[in-house]
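Here the structure is laid out as structure tokens; the discussion comes afterwards.
Nothing in this text is a laboratory measurement; each read-out follows from the coordinates by a stated rule. Computed from a prediction, not measured in an experiment: that's the story for all the values here. Virtual Cβ from ideal backbone geometry, glycine too; neighbours counted across all protein chains shown.
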Number of protein chains: 2
Amino acid sequence: MSKQPVLTPQSEDFPRWYQDVIAKAELAENGPVRGTMTIRPWGYAIWERIQADLDSRIKETGHENAYFPLFIPMPFFEREADHVEGFSPELAVVTHGGGAELGEPVAVRPTSETVIGDCMSRWIQSHRDLPLLLNQWANVVRWELRPRLFLRTSEFLWQEGHTAHASREEAVEETLRMHRVYYDLMHDTLAMNPVLGRKTAAERFAGAELTYTLEGLMRDGKALQMGTSHYLGQNFARAFDITFSDTDGQLAHCHTTSWGVSTRVVGSLIMTHGDDRGLRLPPRVAPVQAVVIAIRDEVAADARELHAELEAAGVRSRLDDDTHTGFGRRATDWEIKGVPVRLELGPRDVEQAAVTVVRRDTGEKASHPRSGIGAAVVRLLDDVQASLLAETTARRDAETRDGDGPDAVLDGGADGFTRIAWSSLGEAGEATIAEAGYTVRCLVSPDGGVPGADTPDDGLVAYVARAY
Amino acid sequence: MSKQPVLTPQSEDFPRWYQDVIAKAELAENGPVRGTMTIRPWGYAIWERIQADLDSRIKETGHENAYFPLFIPMPFFEREADHVEGFSPELAVVTHGGGAELGEPVAVRPTSETVIGDCMSRWIQSHRDLPLLLNQWANVVRWELRPRLFLRTSEFLWQEGHTAHASREEAVEETLRMHRVYYDLMHDTLAMNPVLGRKTAAERFAGAELTYTLEGLMRDGKALQMGTSHYLGQNFARAFDITFSDTDGQLAHCHTTSWGVSTRVVGSLIMTHGDDRGLRLPPRVAPVQAVVIAIRDEVAADARELHAELEAAGVRSRLDDDTHTGFGRRATDWEIKGVPVRLELGPRDVEQAAVTVVRRDTGEKASHPRSGIGAAVVRLLDDVQASLLAETTARRDAETRDGDGPDAVLDGGADGFTRIAWSSLGEAGEATIAEAGYTVRCLVSPDGGVPGADTPDDGLVAYVARAY
């Protein structure tokens, strides 16, 4: 392996490190139109695994996928006052189509509450049509003046769930259920351990009554919102006339929810686990879990066999027998790409019926007997998965401190989370710390739990941080 | 089952039948912006199965998925003369973003050769970077003045493959390989049997040197282009400067290909297999392969057991125990939705340890012993799959006739395919029949095979039809 760093060290310049790792791991690059992003095969393979995992969780909880149009009539946005206020500044607008100016310009969807609300109003008639549980995988556009790959791009990919219910209670339950589903994805698959809580009024989604969020802590001490789940009350139901006849035959407005996770989560994966040598992918989301590197041509056949054995053991393995490229260069490349386990095979290993196994997370290198290697790698992958989760959890806990009032962050310029009783902060304090670049990421119960819909803000604890 | 038809019969008004079945099977509906489409859960579930099947075939042939931006700078289109001429009239153009007029308007992608060509020029340096085998799943926009659900919509979903190669030979081989992959999807999974051939110069993709196509015959005797695969020569490589240094260190332009299948294929599935009672889904692509209908409440538990047994046998089963809705209505609904096998369970069936099994394709109804029902349904599904393929193949063959010169179609106003020696038609004849609404769907070798890239048009047979 090369000894000189190919990436800017994190401690030196974190944003530069982030750009470096995205470029060197071939995850993504800027598109030709400012703010847009090209997701390269390695980045997209990670996204595909996140998608597949989340999609099955969404289906298991009873939702069906559908697809709604990219183009939305402008007047749809105007029906919900907060929504139009929130999204107007970010809209991309199509004014010409088919060689002519359009009679009415149309918006490129920034999110689909409006166009789906319009469908719901036709699809729902009776309480028997409820709950209506929909999801879509789509691209959305929010014009970005300060784009950053994966974190803020004018176009991004996401899933957006949209559901309609007969009662507030059921809609709130759904909102919390999907919040939990996101946590399971992030915790169990992505080895991340975000703080879960409720947004303050200032930080809510445009048009929502309640917004629940998952806030991860990145390795530079900044927080990142990784997913949100909204209870929309009857706001969109009123704006789009989504009504149902209840069991007594009375017409009532539905209660709706929406929730989304985007390609932003790839950015959080990079900044949660990556180190100075590159990405470190949790095995469950790694497109390639183990790479078998044939050091020299004469062991290529052995390497191929080893690769086949790993695949037979259920490991997503890749064979690297590109011996035209130097071994050190190849090892570094796979390291940057974050493959969890590297198996290096040279003539001496073959002689000794052994394999050199390197863990990406710790860098530990050990010789393993060739026999039983499949099962050993499976165990090692479990271990890497657990270690990454433990590491990020410990880091989050170490970087979370308690304080009181706005001064808790204003004095210290603290990295990480500062826990401040909401009663000592309030909306005035929230505005004060905002000027110094801090925001209330979420409100959490004193016991660390997620506050219910009816729990008042007073008595809750604010998690405060600088955020992406 | 209801006896009065809920759909307009095909023989009475085929386009109306098509609209009816899309509405009643809840496949899709028009979006609020003219020409756009909402794909409802049942329609989307079919598309998801097509996607999964095709995606694995695309990956098995060595391609990697990636994602390229929705927005393309207008000047990109101008670099390839034929391409801009072909697509300009269909472009949707964004002129405003983030509340301000853009300095340069941007196009919403109608296809991605240009934006991917720009990436290829950076990603490819040496012959060692070739072949570059990419695919993306995405939405594209081509402004449609006469939209038709699934067949012609301003926005549609598709996959578009884009590859770069060192030589013409390899690129042509790739073009034909993906043409064959599409055939395998359509034949093996969708029980369709399209005619395979090469497009005439007049019908080629804008910017291609060769276009290969798959032309299905719909039940109204019209042809439908279901997928295309293009050899782009060095046209885009020149326009976007996609070069590589060959083994001698000489700089050369790549040879590129592109190929796509879209949600249009859902339209072809409807029109290939649908009958007067609704959709008929080939089991391999059916989101639900068998529905278990509990006729009355008292058999709900037995129905649940039966459903579990089918799932254990590997059948995608759905339980319908919605006994609030009349049995006849439910049976008709599942029939319209095209579920291949219906299992009806009433008190008498339970008494006799039997199940009433109805095949959607033939309408045959039989009583099966309850024991061993899982294996029986698996066999039945195979049989339905094979029958649908045999039926559509027979129909295509019966509706294909031979003729000579333009008069072969001008005289008869023939439905189906007319096979005419290209030498008796030529470009002049092609223009003549176009006035009467006929087009050369493709050119095929006299033995029925796909003509190679170097086989001249003379000596080939033109398949002529009216087309969607």
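For the stretch A:283-384, the relative contact order comes to 31 percent (Cα pairs under 8 Å, sequence separation of at least 6). Between copies, the label points of residue B:456, set 7 Å from Cα on the Cα→Cβ line, lie 9.1 nm apart, reported in increasing order to one decimal in nanometres.
Can you tell me the mean projection area, over all orientations, of the convex hull of the stretch B:1-93's alpha carbons? Units nm², please.
If I average the Cα hull's projected area over directions, I get 10.8 nm².
Ordering A:345, A:30, A:135 by the projection of their Cα atoms onto the charge dipole of chain A, which places +1 on the Cβ of Lys and Arg and -1 on the Cβ of Asp and Glu, puts A:345 at the extreme positive end.
Using Cβ point charges alone (K and R +1, D and E -1), the dipole size of chain A about the Cα centre works out to roughly 1180 debye. Remark: the stretch B:44-57, residue by residue, has Karplus-estimated 3J(HN,Hα) of 5, 5, 5, 4, 4, 6, 5, 4, 4, 5, 5, 4, 6, 5 Hz, where x stands for each Gly or Pro and the curve is 6.51 cos²θ - 1.76 cosθ + 1.60 at θ = phi - 60°. Copy-to-copy label distances for residue A:366, where each label lies 7 Å from Cα along Cα-to-Cβ, are 6.0 nm in order of increasing length. Taking the charge dipole of the stretch B:362-413 about its Cα centre, with +1 at Lys and Arg Cβ atoms and -1 at Asp and Glu Cβ atoms, the residue from B:403, B:377, B:388 reaching farthest to the positive side is B:377. Size descriptor for the stretch A:299-429, Kirkwood hydrodynamic radius: 18.0 Å (Cα pairs only, one decimal).
Amide hydrogen proximity for residue B:153: with H placed 1.01 Å from N in the peptide plane, the residues at 5 or more positions away or on another chain lying under 5 Å are B:148. The relative contact order of the stretch B:147-251 comes to 20 percent, based on Cα pairs under 8 Å that sit 6 or more residues apart. Within the stretch A:401-465, DSSP assigns beta bridges of which about 75% are antiparallel (rounded to the nearest 5).
If I fit a long axis through the Cα atoms of helix B:373-398 and take the longest principal axis of the Cα atoms of chain B, what angle between them do I get, 0 to 90°, rounded to 10? Between helix and principal axis, roughly 50 degrees.
Computed from the Kirkwood radius of its Cα pairs, the Stokes-Einstein diffusion coefficient for the protein assembly as shown at 10 °C and 1.306 mPa s stands at 52 µm²/s. Using C-alpha pairs below 8 Å separated by at least 6 residues, the relative contact order for chain A is 14 percent.
Residues in the stretch B:325-340 carry Karplus couplings, in order, of 9, x, 4, x, 4, 5, 4, 4, 4, 5, 5, 4, 6, x, 4, x Hz; the curve used is 6.51 cos²θ - 1.76 cosθ + 1.60 with θ = phi - 60°, and Gly or Pro positions show x. In the stretch A:283-384, the DSSP beta bridges split such that about 50 percent are antiparallel, to the nearest 5. Considering helices alone, the calculated mean residue ellipticity of the protein assembly as shown at 222 nm is -10000 deg cm²/dmol, with DSSP H runs of length four and up weighted by -39500 (n - 2.57) and normalised per residue. On the principal axes of its alpha-carbon atoms, the stretch B:99-195 has extents of 47, 42, 18 Å, going from largest to smallest.
For the pair the stretch A:363-393 and the stretch B:276-313, the centres of their Cα atoms are 44 angstrom apart. Cross-link partners for residue B:222 among the lysines, with Cα-Cα distance under 21 Å and sequence neighbours closer than 8 places in the same chain left out: B:199. Taking amide H positions as modeled 1.01 Å from N, with prolines and chain starts lacking one, the residues under 5 Å from residue A:209 and 5 or more places away or on another chain are A:231, A:232, A:233. Around the amide H of residue B:228, modelled in the peptide plane, lie the amide H atoms of B:260, all under 5 Å away and 5 or more residues distant in sequence or on another chain.
In units of the compact-protein estimate 2.2 N^0.38 Å, the stretch B:400-465 shows a Cα radius of gyration of 1.02. State whether chain B is rounded, prolate or oblate according to the following rule on the C-alpha gyration tensor (a ≥ b ≥ c being the square roots of its eigenvalues): a/c under 1.5 gives rounded; otherwise a/b larger than b/c gives prolate, and the remaining case gives oblate. Judged from the Cα gyration tensor, chain B comes out prolate (a/c at least 1.5, a/b above b/c). Copy-to-copy label distances for residue A:407, where each label lies 7 Å from Cα along Cα-to-Cβ, are 10.4 nm in order of increasing length. Here the stretch B:89-144 is treated as a Stokes sphere of Kirkwood radius computed over C-alpha pairs; at 25 °C and 0.890 mPa s its diffusion coefficient rounds to 178 µm²/s. Here residue A:24 is the anchor, and the lysines within straight C-alpha reach of less than 19 Å, apart from those fewer than 8 places off in the same chain, are A:3, A:337.
Cα axis of helix B:264-273 to longest principal axis of chain B: angle in degrees, 0 to 90, nearest 10? Once rounded, the angle reads 40 degrees.
Beta bridges per DSSP, both residues in the protein assembly as shown: antiparallel share near 80 percent. In order along the stretch A:79-93, the Karplus-derived 3J(HN,Hα) couplings, from 6.51 cos²θ - 1.76 cosθ + 1.60 at θ = phi - 60°, round to 6, 10, 4, 5, 4, 5, 5, x, 9, 3, x, 10, 6, 9, 10 Hz, and Gly and Pro are given as x. For the stretch B:116-151, the residues whose backbone nitrogen is under 11 Å from a point 7 Å from the Cα of residue B:241, taken along Cα to Cβ, are B:121-122. Neighbour counts of other Cβ atoms within 10 Å put A:226, B:74 in the fewest-to-most order B:74, A:226.
Charging the Cβ of each Asp and Glu at -1 and of each Lys and Arg at +1, and nothing else, the dipole of the stretch B:283-383 about its Cα centre rounds to 300 debye.
For the stretch B:29-106 versus the stretch A:88-138, the inter-centroid distance based on Cα atoms is 17 Å.
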